[in-house]
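**Student:** Please read through the structure below; I'll follow up with questions.
The values are calculated or read from the model by the stated rules, or taken from the named source; none is laboratory data. The model shown is predicted, which means the values in this text are computed figures rather than measured ones. Here the Cβ positions follow ideal geometry from the backbone for every residue, glycine too, while neighbour counts run over all protein chains shown.
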Amino acid sequence: MKETTSKKMKEASVLLIAICMILSTVVVMANETNETNEVCLSNESITTESFQPEIPSTTNLVLWDQYDTDGSNGLSHMDVPTKRALLDDFEVPTDEEWTLTDFHSLNVWDIAQPGTGTDFHLEFWSDAAGSPGAPLVATTTVSYIETVTGRTWFSRAEFEIDYIYEPVVLTEGTYWIYGFVIGGGNNCFWMVRQDVIWGSECWCDYSDYPPMRPGSGIFGEAFDLAFQLTYVVETIPDLDCKGDISWEDVVPGDIVTDTFTVSNVGEAGSLLNWEIESYPDWGNWTFDPDSGTGLPDGDSVTINVEVVAPDNESTEFTGEIVLVNSDDPDDTCTIPITLITPYNNLDIGRVWLRGLLFRCNRVDDADRALAIRLHYIEFAPFDRTSGMVTMNRVIFNNPGAYGGRMYEVGFGMFTYVIGFFEGGLEIL
């Protein structure tokens, strides 16, 4: 009978030791009254200082905030040698839609140093009346960083996990995060706080401690995990363009060039996608560039314009270049365009030319006419101008006008006209 009793006591001792070994890898707990307890690690450097992390982008704002840890506990999560995942709930408010991109949590490694992990597994689950429901979406990693915070818990250096993933859109409702660290090959502890801030306590999905259950079913206390979710604030770009393009005295068929600017005058952090929607149907147009993407707020880009002038003579062409925000068809801007080819009906008014006065009649608008540029003594009409010696060619080919071609060359105070004229010139 004594041997049987002794044998049972030894078996009970072995079972107790086994339980202690399991629990000691599941949870880190402060035990000020009994630091020698095998299932606990002493909290040698607990502190009450708070920690507020820096969000990496001004356009990323905190969506859900369960910082800071109170340093009371840390719960195991890892991928190997045993998969252990933790879950906690959060809420997207009524009539809101969030685009989630960033996850942050506070942790300590068991025996490794910060920087040991290589990735994070994060899923979003539905809610089932205050309990985790079913998986909705698993995130796709963009980047993973472990950053030391400068604090220690249980003689271990605290670090923040900054996990960035491809955007996930959630509408109003209650959801759960499901996550664990990847890499490191040893236990990582997710810091918690003892008071449940919102909703339900955190849950555990430990493959070596089934089934999935509330954390209090394993640790004896209810906790909320220390984590943050951040999201991208939708920033609105605003298209603006500046320029007024005008070409005069353009010979038909010639190539003319100019520039204008496209700018994003929208909200901070916005990116503008733009394109040229339309331009005049006369001439042959080239734009470089003719579209663009991701133009930051406050930045501009110069657009080079080239056009082959139409074949029509004596014509004023007008129109506009219309640009549009590729993501907002109501956000447009315009650049006015004018191109004038030389007029062939002239009225130079009264011009002193080698002692003789000549007169040519013109039908069209005097302000747009190509006057014979004498550049030393000229009245066109009745406004005197002066300048350097030039040589111009004027073509008379309209019905009722003088036919032929005329070349005028100015020398000093006189101008010589050379050419053949059908019907001659009228002497006043």
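**Student:** Go through region 136-172 and give me each residue that's part of a loop (DSSP other than H, G, I, E, B) and either hydrophobic (A, V, I, L, M, F, W, C) or surrounded by 19 or more Cβ atoms within 10 Å (Cβ to Cβ) (or both).
**Tutor:** Hits for region 136-172 are 139, 154.
**Student:** If I filter region 292-305 down to residues being within 16 Å of the chain's Cα centre (by Cα) and polar (S, T, N, Q), which single residue comes out as farthest from residue 239 (Cα to Cα)?
**Tutor:** 293
**Student:** Which residues, counting only those in region 261-287, are over 17 Å from residue 337 (Cα atoms), in a strand (DSSP E or B) and of a type outside the set (Phe, Trp, Tyr)? Steps first, answer last, please.
**Tutor:** Going residue by residue through region 261-287, those that are over 17 Å from residue 337 (Cα atoms) are 263-275.
From what's left, in a strand (DSSP E or B): 263-264, 271-275.
Correct list: 263, 264, 271, 272, 273, 275.
Listed here are the residues, each with its yes/no results for (1) of a type in the set (D, E, K, R); (2) in the same structural domain as residue 326 (by TED's automatic domain parsing); (3) exposed (fewer than 14 other Cβ atoms within 10 Å of the Cβ).
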{"residue": "190", "(1), (2), (3)": "no, no, no"}
{"residue": "205", "(1), (2), (3)": "yes, no, no"}
{"residue": "222", "(1), (2), (3)": "no, no, no"}
{"residue": "228", "(1), (2), (3)": "no, no, no"}
{"residue": "263", "(1), (2), (3)": "no, yes, no"}
{"residue": "278", "(1), (2), (3)": "no, yes, yes"}
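**Student:** Also, quick follow-up: Just for region 81-128: of the residues that are in contact with a Lys or Arg (Cβ under 8 Å, 6 or more places away or on another chain) and not charged (D, E, K, R), which one is farthest from residue 171 (Cα to Cα)?
**Tutor:** 109
**Student:** Report the residue count in region 325-343 for those that are assigned to a strand (DSSP E or B), among the polar types (S, T, N, Q) and under 35 Å from the mean Cα position of the chain (by Cα). Show your work before the answer.
**Tutor:** Let us first name the residues in region 325-343 that are assigned to a strand (DSSP E or B), namely 325, 328-340.
Those still in the list that are among the polar types (S, T, N, Q) too: 325, 332, 334, 338.
Filter again for under 35 Å from the mean Cα position of the chain (by Cα), leaving 325, 332, 334.
Qualifying residue count, region 325-343: 3.
**Student:** Looking at 189, 223, 219, which is the one that is touching a strand residue (DSSP E or B) at 6+ places or on another chain (Cβ under 9 Å) and closer than 30 Å to residue 96 by Cβ?
**Tutor:** The unique qualifying residue is 223.
**Student:** Restricting to strands (runs of 3 or more DSSP E) lying wholly in region 72-128: which have 1 or more residues that are in contact with a strand residue (DSSP E or B) (Cβ under 7 Å, 6 or more places away or on another chain) and free of Cβ contacts under 8 Å to residues at least 60 places away in the same chain?
**Tutor:** 119-128
**Student:** Testing residue 217 on (1) more than 30 Å from residue 269 (Cβ to Cβ); (2) surrounded by fewer than 18 Cβ atoms within 10 Å (Cβ to Cβ); (3) at pLDDT 95 or above, one condition comes back false. Which one is that?
**Tutor:** (3)
**Student:** Give 89, 127 a once-over and let me know the one that is modelled with pLDDT of 95 or more, within 33 Å of the chain's Cα centre (by Cα) and farther than 24 Å from residue 188 by Cα.
**Tutor:** Step by step, each of 89, 127 is checked, and only 127 is modelled with pLDDT of 95 or more, within 33 Å of the chain's Cα centre (by Cα) and farther than 24 Å from residue 188 by Cα.
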